Each structure stands twice: as structure tokens, then as C-alpha cells.
Amino acid sequence: MCGAKAGGPDLAGVDVANETIIQGSVTRDGEPVNGYVRLLDEGGEFTAEVPTSATGQFRFFARPGKWTLRALVPGQTVDRQVVASQGTAVEVAIAV
Amino acid sequence: MSRSDVLVDADWVQARLDDPKVVIVEVDEDTSAYDKNHIRNAVRIDWKKDLQDPVRRDFIDQAGFEALLSAKGIANDDTVVLYGGNNNWFASYAYWYFKLYGHGDVRLLDGGRKKWELDSRDLVSEVPARPATEYTAQPADSSIRAFRDDVIAAIGTLNLVDVRSPDEFSGKLLAPAHLPQEQSQRPGHVPSARNIPWAKNANDDGTFKSDDELKALYEAEGVDLATDTIAYCRIGERSALTWFVLHELLGQENVKNYDGSWTEYGSLVGVPIELGSN
């Protein structure tokens with residue numbers, strides 16, 4: 001794999017209209033970072049966690065509302081607040 | 001039983017990478033993670049292909065487990081160290097199988113693959129060759145497995161611990177948030193269950209919290225550790241991690257994992273279901 005792809009994974013084949021999708025990528029100086037992304041609900045409770053792909057990407061199927069994304073990479077933790085809605089994938093680029 | 005009998009840290013594993021009687025086994029939710037890289041000399045168990053009956057909904061039987069471990073080169077007197085992603089979610093599930101079929105010495109790598117990666121420890125792509133063994137399993141130990149009728153009988157009497165995320169418990173989601181949500185069963189939870197998400201057992205880096213923190217967590221949520229407990233989730237993996245915490249770390253005697261879990265219970269006709277949070 002070379003370089004980071006803009007945005008989250010390809011949505012081909014995903015039922016975007018009926019899902020509430022939060023996705024994006026984790027990069028450092030424009031290069032993908034291998035690490036983990038956690039999804040925390042409004043109360044700060046852990047909801048899910050995924051490893052980033054070889055291209056630094058991640059995706060969650062959530063529900064409409066406010067969420068926190070927490071990127072965990074060696075030596076660093078970065079939080080991002082997002083608002084998700086059904087039918088439109090939210091794209092989140094996390095630079096660490 | 002002490003913590004170190006069931007849980008080892010990364011330094012312990014690092015020092016034993018070349019010990020032929022210590023078998024390191026990766027079990028990941030993402031079964032392709034091993035192909036990318038893994039801890040040196042680790043073998044893979046695929047939770048989908050290796051641990052499930054290929055036709056009916058059940059896990060592999062005693063003969064199947066014997067064949068699997070023999071093929072993987074695991075002997076009855078080997079120390080097996082399991083690790084995986086997602087805070088050892090599927091590694092805990094495999095641990096439960098090893099106990100169910102009576103393996104003597106099995107442990108989890110604290111923090112699993114994530115902690116190993118966050119520590120920037122070495123991962124390799126070479127697949128080790130282990131000569132086949134003739135593994136002998138014990139008959140399945142049903143004292144650590146719950147079936148649907150056990151769960152229904154436990155409503156209002158035993159501890160029921162629902163380890164899914166709050167949104168799955170309350171009925172807002174039917175699956176963990178990294179999986180598509182289309183499902184056929186009804187949302188909600190078993191009446192009288194307490195919602196203690198499995199992830200609360202672990203620190204951010206995937207290591208387990210201390211025994212004192214874990215005890216405090218369950219007691220604060222109204223789980224009487226002197227009463228028998230059934231843990232469940234969606235398909236029995238996350239609850240295997242909670243089973244590990246209650247039975248193996250905290251030493252609670254009668255804890256069962258309900259591997260039918262919500263995909264079974266939420267599809268049963270006529271059973272009681274509760275919606276909303278605790």
C-alpha cells in the first residue's frame with residue numbers, strides 16, 4: 001500500500017440510506033497510521049473499536065447522534081467529536 | 001488460582017518466543033490480521049472456520065477440538081498463550097473453549113495484539129511449522145456454558161450480565177457499531193439483566209483492570225459475586241471475556257457463558273424482553 005486515501009473506505013455495496021455511518025482515516029504527515037479507533041457514546045461509554053486498515057481507514061455503523069472518535073496509535077491518543085445521521089456517511093480525517 | 005496462572009504480560013511472552021512448550025496462538029475477530037503479521041512463532045486459530053460446526057449452529061465437538069489442536073501442533077502439556085485484537089475479545093472466546101475441553105495450562109496475553117502493537121514490539125509474517133500432535137480433549141464441561149432455558153430460569157433469580165454496549169442493551173442497536181445493523185431478531189435485553197459492557201473490564205490499551213477495580217465495577221452495578229452468574233452478549237464472544245474476568249480473574253465459582261446470546265434469545269418466540277437502559 002502506498003500513501004493514505006482521502007476519506008474513509010469505499011461505500012460501494014454499503015446500504016448507506018439505511019445505515020448511520022461514521023468513517024474516515026488516521027494519518028501522520030499525510031501517511032496512513034496503523035492503530036485503533038474507538039467509538040464512544042455521548043456518555044463517554046465505549047461502543048466499539050476497530051483497527052485501522054493498511055490505508056489508515058476505519059468505519060462504524062452507529063445511530064444518529066453525538067459520538068466521540070478516539071484514535072489510539074503508539075504513544076498517542078487523539079479525540080474527535082462527530083455528529084452522525086442516517087443516510088449520509090460522516091467523513092472524519094484524524095491527523096496525529 | 002492467581003492472576004499470573006491465567007494472564008501473562010508482553011515481557012513474559014517476549015522471553016518465551018522460542019520455548020517449544022509455550023504455544024502462542026492468535027485468535028482475531030479479523031481473521032486476516034494474522035496474514036498481515038503476528039507475534040513471532042505464533043500459530044493461528046480462525047474463530048469462524050476452526051471453532052464452529054460447519055453446518056448447524058454450535059461449536060466444534062470434542063473430536064473436532066482434538067483434531068484442531070493436533071493439527072496446530074499443540075500438545076496436552078503445552079502452555080498455550082492466546083492473544084488477539086479488540087482487547088482479546090476473540091482470544092477470550094478461544095480461552096473459554098480450551099477450558100471447556102479441559103486444557104491444563106492456558107493463559108491470555110494481557111492487552112492482546114493491541115498492546116503489543118502500541119508498545120511497537122516486533123511482528124513478523126513468517127508462519128511457524130509445528131509438528132502435529134495427538135491431542136486428547138476432555139468431554140465438554142457444561143458447568144461453564146449456559147443454554148437458553150438456563151437464561152430464562154435465571155430471570156430475577158441469578159445474576160444476568162449483559163455485556164453489550166449500552167445502545168445494544170437498550171434496544172437502539174442490534175449489533176456492535178462496527179458491523180452492519182440488519183438483523184432479524186428483536187432488540188432489547190433479558191429482563192433483570194445488568195448492563196456492564198465488556199469493554200469496562202479493560203483499560204484503553206487493552207490490558208485488564210486490577211482485581212480491585214473489577215470487583216468494584218461489578219459490585220457498583222449490583223452484581224452479587226456470591227450468586228451464580230450468566231453472561232451473554234450477541235454471539236457469545238464478548239461475554240467470554242466477561243466470563244474470563246468473573247471466573248478466572250475474580251474467582252467467582254459458578255459463571256456460565258451463554259453463547260447463544262442475543263442472536264438466539266432475541267429470536268425466540270414468546271420469551272420476555274425488556275427495552276431501555278438500567
**Asked** Would you pick out the residues in the stretch B:142-184 that are of a type in the set (Asp, Glu), at pLDDT 90 or above and touching a strand residue (DSSP E or B) at 6+ places or on another chain (Cβ under 7 Å)?
**Response** B:150, B:162
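Residues B:49, B:72, B:115: which one is under 25 Å from residue B:125 (Cα atoms), surrounded by fewer than 24 Cβ atoms within 10 Å (Cβ to Cβ), touching a residue at least 12 places away in the same chain (Cβ under 8 Å) and within 14 Å of chain A (Cβ to nearest Cβ)?
On the way: B:49 fails: within 14 Å of chain A (Cβ to nearest Cβ); B:72 fails: within 14 Å of chain A (Cβ to nearest Cβ).
After applying the criteria, what remains is B:115.
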**Complete:** Among helices (runs of 4 or more DSSP H) entirely inside the stretch B:1-92, those with 2 or more residues being modelled with pLDDT under 95 are B:3-6, B:33-36
**Complete:** Here the residues within the stretch B:138-185 that are within 15 Å of residue B:237 (Cα to Cα), away from chain A (no Cβ under 14 Å) and surrounded by 23 or more Cβ atoms within 10 Å (Cβ to Cβ) are B:146, B:161
**Request:** Return the only residue of B:255, B:245 being in contact with a His (Cβ under 7 Å, 6 or more places away or on another chain), crowded, with 16+ Cβ neighbours inside 10 Å and more than 22 Å from residue B:170 (Cα to Cα).
**Result:** B:255
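To keep it simple, each residue is scored yes or no on (1) modelled with pLDDT of 95 or more; (2) closer than 18 Å to residue A:19 by Cα; (3) of a type outside the set (Lys, Arg); (4) not in a strand (DSSP E or B).
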position	(1), (2), (3), (4)
A:34	no, no, yes, yes
A:53	no, no, yes, yes
A:67	yes, yes, yes, no
A:71	yes, no, yes, no
A:82	yes, yes, yes, no
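When you scan the stretch B:212-232, how many residues do you find that are in a helix (DSSP H, G or I) and under 14 Å from residue B:245 (Cβ atoms)? Don't jump to the end; show me each part of the working.
Step one: of the stretch B:212-232, the residues in a helix (DSSP H, G or I) are B:212-220.
Still in the running and under 14 Å from residue B:245 (Cβ atoms): B:212-219.
Summing the residues that are in a helix (DSSP H, G or I) and under 14 Å from residue B:245 (Cβ atoms) in the stretch B:212-232 gives 8.
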**Message:** Looking for something within 12 Å of chain B (Cβ to nearest Cβ), surrounded by fewer than 21 Cβ atoms within 10 Å (Cβ to Cβ) and free of Cβ contacts under 8 Å to residues at least 24 places away in the same chain - is there at least one such residue anywhere in the stretch A:20-43?
**Reply:** yes
**Item:** Every residue from the stretch A:56-76 that is within 23 Å of residue B:121 (Cβ to Cβ) and surrounded by 18 or more Cβ atoms within 10 Å (Cβ to Cβ)
**Value:** A:56, A:58, A:70, A:71, A:72, A:73
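Quickly run through the stretch A:84-96 and pick out the residues that are within 21 Å of residue A:30 (Cα to Cα) and in a strand (DSSP E or B).
Those that are within 21 Å of residue A:30 (Cα to Cα) and in a strand (DSSP E or B): A:90, A:91, A:92, A:93, A:94, A:95.
Just one of B:230, B:273 is under 18 Å from the mean Cα position of the chain (by Cα) and either over 17 Å from residue B:92 (Cα atoms) or more than 14 Å from chain A (Cβ to nearest Cβ) (or both); which is it? Walk me through how you get there before you give the answer.
Values: B:273 fails: under 18 Å from the mean Cα position of the chain (by Cα).
The match here is B:230.
The values are calculated or read from the model by the stated rules, or taken from the named source; none is laboratory data. In this text, all values refer to a predicted model and were calculated from it rather than measured experimentally. Every residue, glycine among them, receives a Cβ derived from its backbone with ideal geometry; neighbour counts consider all protein chains shown.
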